[in-house]
Amino acid sequence: MDDAISGAVETRPGLTALLSAIESKPFDVLIVSEQSRLARDTFFTLTLIKRIEEAGVRIHGYLDDSPITLAEETDEVKEFVRAWANSAERKKTGQRSRTIARRVVEAGRRAGGRLYGYADINGTPDPAQAEVVRRIFDERAAGKGLYVIARALERDGIAPVRGRGWYASQLQNIIRNTCYRGVITWGAQRRVKRKGKIVYQASPENVITKDAPQYRLVDDKTWYAANAISDQSAANTWRGKDGRLKSRATNTNGFLLSPFLACPCGSPMHAKQSGKGDKKQWLYTCTRKHLLGKKGCSHPGRGIRVEWMDKSVLKFFEEALVGHTVKAALQEVLDEQKAKAIDPKPLEAEIKKLQGEIKRLTDALASGELEDIHDAVRQRKAKLEHLQGTLSGLGAAKEFSIETFATRLAPVLADWQAHLKKSPAVAAQVLRKLIPTRIVVETKPGGGWTVRGDCDYSAILRECGYDAVTNLVNEIVAKRNRSRARRGARSTP
Ligand SMILES: [Zn+2]
């Protein structure tokens, strides 16, 4: 069996290999040093012994030269006691090492292995590494991104902590470590066993901090400045409970809507400063007009005040992100689906017609006729796929409970709304999910403007865990493309 892997881990590769090998019974006796070498969890050990024995293999422990068996009733009790004793011993060992680690920390020393930046565990600096640590803190404190810092370290040929390169997560671990400002923090995480694996869990209630000035490599001011940047960047990203990014960062150049607006001429809009002195203001204007003048874009108006536009779009989505709006969108689709489910014949007829058309077109293609046929086939195939999806989704509509859905929807919407208000950077990430294509802003000749655009709620619906009704969600997206959300806006003064 595994030579170097502890009996405490139940997913050892050797164990897996052994268990699958046992099925074909390639040997009669399995020799282990002692029972604890099989596994250290009491019940798992018993199950394991049972499985091996049932496959017709005997187990022999060579340390006490005795068989390990559950054959007799008394054996079962004996092995249980042995397994339990081993497991209890392991827990005690764990507790012992935790007690020792705690004592080490209370004495003002780090518990655990050598840390990057130091030559030993007592805090003697490694001059070259300590210099790198200071550089990382200085650059982060100056506002640099972790990615930028990592690439610069690699460019300068600085050996990474381990592996072949510098990673943002390593840099973040360095920046978050209080040891570099001479304070030891211990017990922020605890080891727990889950599904046979050791995992780490936050345990803020057990944290001990201890001044240990001999470890200091960075002054307090730099340490806190670097951490403030990291806090800020955490506040500007939108992550789920599992820590995964929910939306990619959106470069707004400081203006919430610059990635999302378009002029009716098709050009994107950007923010531009206009006016002088007291009249100075920021406007979203047509980029093509800005570059080419009237030749590029003939639409009237100099632009729309950034603050008005931001405010009204945010307000629109805050209102849109309430249960009844999203529910109503879904209800409409459901009703349509239900109507189709009662009578799927028209849908089936349409599918048949399309299939016939595709066949005829493909035949024509085979005889080497028009190039346009390719497109015609492609279009029909896409439509066919959509109709078939709708047809197979019909059953789902009948069983779909909008009320159950609403209870799942509420917390998701609350989260989206909260993030819309968090910071402009995060709001832009939320909008990125809701606005599939740029919204078109049209200036009206008499002053004022209108906004035309699409709303995509499918990401919200997906987040509610309704993968089973993907077809319905697709239907919403398709519907969105047909009927566009329109709304007017106030007149500019
Ligand atoms: Zn334009």
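Only the coordinates and a few stated rules stand behind these numbers; no lab work does. Remember, it's a predicted structure, so these values are computed and weren't measured experimentally. Every residue, glycine among them, receives a Cβ derived from its backbone with ideal geometry; neighbour counts consider all protein chains shown.
Numerical summary
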| item | result |
| --- | --- |
| Approximate spin-label separation residue 28-residue 407, in nm, with each point projected 7 Å along Cα-to-Cβ | 6.2 |
| Two-site FRET efficiency, residue 138 against residue 311, from Cβ-Cβ distance with R₀ of 35 Å, rounded to 0.05 | 0.35 |
| Environment charge at residue 266 (Cβ cut-off 14 Å; Lys +1, Arg +1, Asp -1, Glu -1) | +3 |
| Per-residue Cβ neighbour rank within 10 angstrom, fewest leading, 132, 218 | 132, 218 |
| Sum of side-chain charges, residue 166 neighbourhood, beta-carbon under 14 Å (Lys, Arg +1; Asp, Glu -1) | +4 |
| Across 289/315; 311/421; 359/383, pairs whose alpha-carbon gap is larger than 18 Å | 289/315 |
| Label-to-label distance, nm, for residues given as residue 232 and residue 452 (7 Å Cα→Cβ offset) | 4.1 |
| Linear extension gain, residue 383 paired with residue 121, 0.36 nm per residue minus alpha-carbon span | 87.6 nm |
| Burial ordering of 180, 147, 457, 167, fewest other beta-carbon atoms within 10 Å first | 147, 167, 457, 180 |
| Pair residue 444, residue 414: separation of 7 Å Cα→Cβ label points (nm) | 3.9 |
| Ranked list, fewest to most other Cβ atoms within 10 Å of each Cβ, for 298, 274 | 298, 274 |
